[in-house]
Structures are given as structure tokens and as C-alpha cells.
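S.K.: First the structure, which I've put down as C-alpha cells, then a few questions once you've had a look.
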Amino acid sequence: MRSIFIAAALIAVASPAAAEEVTLRAVSAFAEGTEFSRNFERFVEKVNADGKGLIKINYIGGPRAVPPFEVGNAVRTRVVDMANVTGAFYTNLMPEADGFKLNGKPMSEQRKNGTWDYINQLHNQKLGSQYLARQFHNVPFHIYLNKKIDKIDFSGLKIRVTPVYRDVVEAFGGTPITTAPGEVYTALERGVADGYGWPVTGIFDLGWDKVTKFRMEPPFYSVEVNVLVNLDAWKGLNDAQRKVLNDAALWLEGLDSEKVAVIKAERERQAAAGIQTLDFGPAASKAFLDRAYEVAWQSVIKRAPETGPKLRQLAGN
Ligand code: 173
């Protein structure tokens, strides 16, 4: 009798927690349905399917919910529980986040060689969050221009940037203007900017093909868009709930393999839309890349002298 009573009491204690589905509120720093939100949106669908009864993500949406440069702080303060955001948008809280673009190794390797672990610690400490996944390691950036140049020299050009491109634009003589992605179209249309930095993919999403004449070669750096989970929210999950998120995170990182074909198609689509490439040949391209990496690392190390060198060592470049 007594043991039945104890068993019943245990069930009563254990079952509400086990039966309760946790809901996490999530936002993206990129517009809904566009290139750098889409795989995250697939991840949300997967978690909601695989995690039925355990964990659910309530996707609030893109920059209409939280402005892009405030998303990092929104996860830190748990205004939201989860975010899809690039480190470039939270360098105010974590200056070394600007260095993540300089590591283009596949995440499978970064998870094996300690890089993920180190960057996760940085997120735990400085952003009160878990570094759940990093996407787009194999997608590079470009500088797009509306004025023709005959060598890699941005003198006299105003170029829209985020922290991703600021140092390289300045190193080649350009004037950087920082804007969120949502303001790029208007800046180009009004001639406030003569060009912009952006990945090789995604320029059609917001109609920028209509206000873009040239794409400069070579491609450089490595896109990084991360899925972050507020650390208290993360710690509040049980093992089964965390497993749903971790498994979906690895799946999400695996979607990068699709990008090889996507990039090829995107370059063709840009050409078909009349966007001309500006290619100054292998020697100029190599000089550009060497300088682009060097100025970016110097800048990261200057702003984050304690952690920058370690990030460089892990990136191996
Ligand atoms: O150009 C940007 O807004 C930017 O920094 C970025 C970063 C990752 C993916 C797409 C854009």
C-alpha cells in the first residue's frame, strides 16, 4: 500500500514536467523567406515535427520583430529564446564575432578540432547563449558596384557595409556606410551608396538586381549565420529536448552541401540579369584576398586581443 502511494506520488511529480511541451520564441535577423532565413525556417519545421510533445519553436519572424543589429542583445536578455543571426550583427557585444567569417572550414571539422567549443564558450560568456549551429561556411561574399573600376581601388566610392566588409573597403580606399540589409535598396536607388557588400547569394530576394551593375571578383571570406539559444532557456531544457535541437542543428549545418549548386545557379542568374563581373585576373585577386584577410585579422586582434589570436590559430590562415 505504502509503495503504491509512493509510486503514485513519483508519477505525479514526474509527469507534468515530462508531458509539458516547451515553446521557444525565435526571430531571424534576415527577412522571412529570404536566403539567409530559409534554412533556419526549415530547421524550425524540423524541430516542430521531430520534437512534437517535447519542444516547439514559435517563429516570430524577421527584422520587423527585432531590428537586425539588436538581435544579439535580444537573445542575451531573453527578449527572445532563439535567433538566426550573423556575428557581424553583434560585434558590439562580442568584437571577435567579426573573426568568424575568416574561418571557412566545414562545421564537421570545426566541431572536431575545438573551434565550435571555443566559440561556444565565447557565446556562453559574452552573449549568454548557446552556439547551437553555424551555417553557410562555403558561401563567400562579394563587393557589388554601380560604378566601373579598372583596378581594385575603391577611392571616391561610398560602399554600404556591415562589420564584415568595413576593413577591406577602407583598406582599398573606399568610404564605408553601415546599413542593415533592409536599407540597401534605397541607398543604391538614391545613389547614397555606389556599391555594397553582400554574399554571392540572395541579391534577388529584395530586388537588388534592379539597382546593381557589377559584381567584383574574387569572392572572399565565408558567410556565418548562427543559431543561438539563450543560455537560461538552454539550461532549462531536459536531455531529450536538447537532443532534438542538437540533432536538428547538425542537420542544418549539413544543408550547406546544397550551396555549391545554389552558388553556381546564382552566378548564372546574375549574368542573365545583366550584372557584369569585374575580374582583374589571378594576381590582383590574390593580392586582394591576402590583404582582405590580413586587415580583417588585424582588426579583430586589435579589438579582441585576448581571443582574436586563438581564433586565427583555429582558422589556420
Ligand atoms: O551584408 C550583411 O548584411 C551581412 O553582414 C551579412 C552577413 C551574413 C549573411 C548575409 C549578410
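S.K.: With the cut-off at 1.5 for a/c, could you classify the stretch 148-227 from its C-alpha gyration tensor as rounded, prolate or oblate?
M.R.: On the way: a/c = 1.40, a/b = 1.12, b/c = 1.25.
Because its axes are fairly even, with a/c under 1.5, the stretch 148-227 counts as rounded.
S.K.: Summing Lys, Arg as +1 and Asp, Glu as -1, what charge do residues with Cβ under 13 Å from the Cβ of Ala287 carry, Ala287 excluded? Can you show the working numbers first?
M.R.: Details: positive: Lys151, Lys286, Arg291; negative: Asp153, Glu217, Asp290, Glu294.
Result for the local shell: -1.
S.K.: Further question: I'd like the Karplus ³J(HN,Hα) series for the stretch 298-314: coefficients 6.51, -1.76, 1.60, θ = phi - 60°, whole numbers in Hz, and an x wherever there's a Gly or Pro.
M.R.: Whole-Hz 3J(HN,Hα) from phi for the stretch 298-314: 4, 5, 5, 5, 5, 7, 9, x, 7, 10, x, x, 5, 4, 5, 4, 5.
S.K.: While we're on this one: Roughly how many whole Å is it from the C-alpha centroid of the stretch 15-76 to that of the stretch 195-222?
M.R.: 27
S.K.: Follow-up. Enumerate the amide H contacts of Val225 below 5 Å, restricted to partners 5 or more residues apart or on another chain; note that Pro and chain-start residues carry no placed amide H.
M.R.: So Val225 has HN proximity to Gln135.
S.K.: Within the set of other residues whose C-beta is less than 14 Å from the C-beta of Leu188, count the net charge using Lys and Arg as +1 and Asp and Glu as -1.
M.R.: On the way: positive: Lys147, Lys158, Arg160, Arg190, Lys210, Lys213, Arg215; negative: Glu183, Glu189, Asp194, Asp209.
Spelling it out: positives minus negatives among the neighbours equals +3.
S.K.: Quick one: dipole size for the stretch 110-266, taken about the Cα centre, charges +1 on Lys/Arg Cβ and -1 on Asp/Glu Cβ, in debye to the nearest 20.
M.R.: Details: 19 positive and 19 negative charges, 25 e Å.
Dipole of the stretch 110-266, to the nearest 20 debye: 120 debye.
S.K.: In addition: Using the crude model of +1 on Lys and Arg Cβ and -1 on Asp and Glu Cβ, and no other charge, please compute the dipole size for the chain relative to its Cα centre, in debye to 20. Show your work: numbers first, answer last.
M.R.: On the way: 39 positive and 36 negative charges, 44 e Å.
Dipole magnitude for the chain comes out near 200 debye.
S.K.: Let me ask something additional. Note down the relative contact order for the chain as a percent, whole number, built from C-alpha pairs under 8 angstrom at least six residues apart.
M.R.: Relative contact order comes out at 23 percent.
S.K.: Here's a follow-up. Cβ under 12 Å from Gly173's Cβ, Gly173 left aside: what net charge do those residues give with Lys, Arg +1 and Asp, Glu -1?
M.R.: Result for the local shell: +1.
S.K.: Also: Mind scanning Lys105/Lys158; Lys52/Lys235; Lys112/Lys235 and naming the pairs with a C-alpha gap bigger than 25 Å?
M.R.: Numbers: Lys105/Lys158 32 Å; Lys52/Lys235 20 Å; Lys112/Lys235 23 Å.
In this structure, Lys105/Lys158 lie more than 25 Å apart at Cα.
S.K.: Now, a different point. Can you tell me the 0 to 90 degree angle between the C-alpha axis of helix 35-50 and the longest principal axis of the chain, rounded to 10?
M.R.: Taking the Cα atoms of the chain, the angle to 35-50 is about 10 degrees.
S.K.: Mind pulling the angle between the C-alpha long axis of helix 239-254 and the longest principal axis of the chain? Nearest 10 degrees, somewhere in 0 to 90.
M.R.: 20
S.K.: Tell me, what ³J(HN,Hα) does each residue in the stretch 196-202 have, in order and in whole Hz, if you take phi through Karplus 6.51 cos²θ - 1.76 cosθ + 1.60 with θ = phi - 60° and put x for Gly and Pro?
M.R.: Those phi angles translate into 7, x, 6, x, 5, 9, x Hz.
S.K.: Sorted by mean Cβ packing within 10 Å, highest first, what order do the peptides 47-53, 96-102 take? Let's see the in-between values first.
M.R.: Working: 47-53: 15.7, 96-102: 25.6.
So the peptides 47-53, 96-102, ranked by packing, come out 96-102, 47-53.
S.K.: Related question: So for the chain, taking the charge dipole from beta-carbon charges (+1 Lys/Arg, -1 Asp/Glu), which of Thr179, Ala74, Ile263 sits furthest toward the positive end?
M.R.: Comparing the listed Cα positions along the dipole, Ala74 ranks first.
S.K.: Let me ask something else about it. Taking amide H atoms as placed 1.01 Å from N in the peptide plane, list the residues 5 or more away in sequence, or in a different chain, whose amide H sits under 5 Å from that of Ile55.
M.R.: Residues meeting the criterion, in which the H sits 1.01 Å from N, are Val22.
S.K.: Show the residues, 5+ positions off or on another chain, whose built amide H is closer than 5 Å to the amide H of Ile159.
M.R.: Under 5 Å from the amide H of Ile159: Thr175, Ile177, Asp194.
S.K.: A further question follows. Classify the stretch 28-88: rounded, prolate or oblate, from the alpha-carbon gyration tensor (a ≥ b ≥ c, eigenvalue square roots; a/c under 1.5 rounded; otherwise prolate if a/b is larger than b/c)?
M.R.: On the way: a/c = 2.32, a/b = 1.42, b/c = 1.63.
Oblate, since a/c reaches 1.5 and b/c is not below a/b.
S.K.: Looking only at Ala88, Ala261, Ala65, which one moves most when the chain is put into a Gaussian network model with springs between Cα atoms under 10 Å?
M.R.: Greatest mean-square fluctuation among the candidates belongs to Ala261.
S.K.: Across the stretch 62-68, in residue order, what do the Karplus-derived ³J(HN,Hα) couplings come to in whole Hz, using 6.51 cos²θ - 1.76 cosθ + 1.60 with θ = phi - 60° and x for Gly and Pro?
M.R.: Rounded to whole hertz, the list is x, x, 5, 7, 9, x, x.
S.K.: Kindly put Arg38, Arg160, Arg190 in sequence by how many other C-beta atoms sit within 10 Å of each C-beta, fewest to most.
M.R.: Numbers: Arg38 17, Arg160 25, Arg190 9.
The order, fewest Cβ neighbours first, is Arg190, Arg38, Arg160.
S.K.: Using a cut-off of 21 Å between alpha-carbon atoms, which lysines can reach Lys302, once sequence neighbours fewer than 8 places away in the same chain are excluded?
M.R.: Those lysines meeting the cut-off are Lys101, Lys126, Lys310.
S.K.: Another one. For the chain, modelled as a GNM with alpha-carbon contacts under 10 angstrom, which of Lys259, Lys46, Lys286 fluctuates the most?
M.R.: The residue with the greatest mean-square fluctuation here is Lys286.
S.K.: Sorted by packing (mean other beta-carbon atoms within 10 Å per residue), highest first, where do 138-145, 71-78 land?
M.R.: Working: 138-145: 23.1, 71-78: 21.1.
Ranked by mean Cβ neighbours within 10 Å, highest first: 138-145, 71-78.
S.K.: Restricting to the chain, what percent of DSSP beta bridges are antiparallel, rounded to 5? Walk me through the numbers before you get to the answer.
M.R.: On the way: 19 of 37 bridges.
That works out to approximately 50 percent antiparallel.
Every number in this text was worked out from the coordinates using simple rules, so none of it is lab data. These figures come from a predicted structure and were not determined experimentally. Quick reminder, even Gly has a Cβ in these numbers, built from the backbone with ideal geometry, and neighbours come from all protein chains shown.
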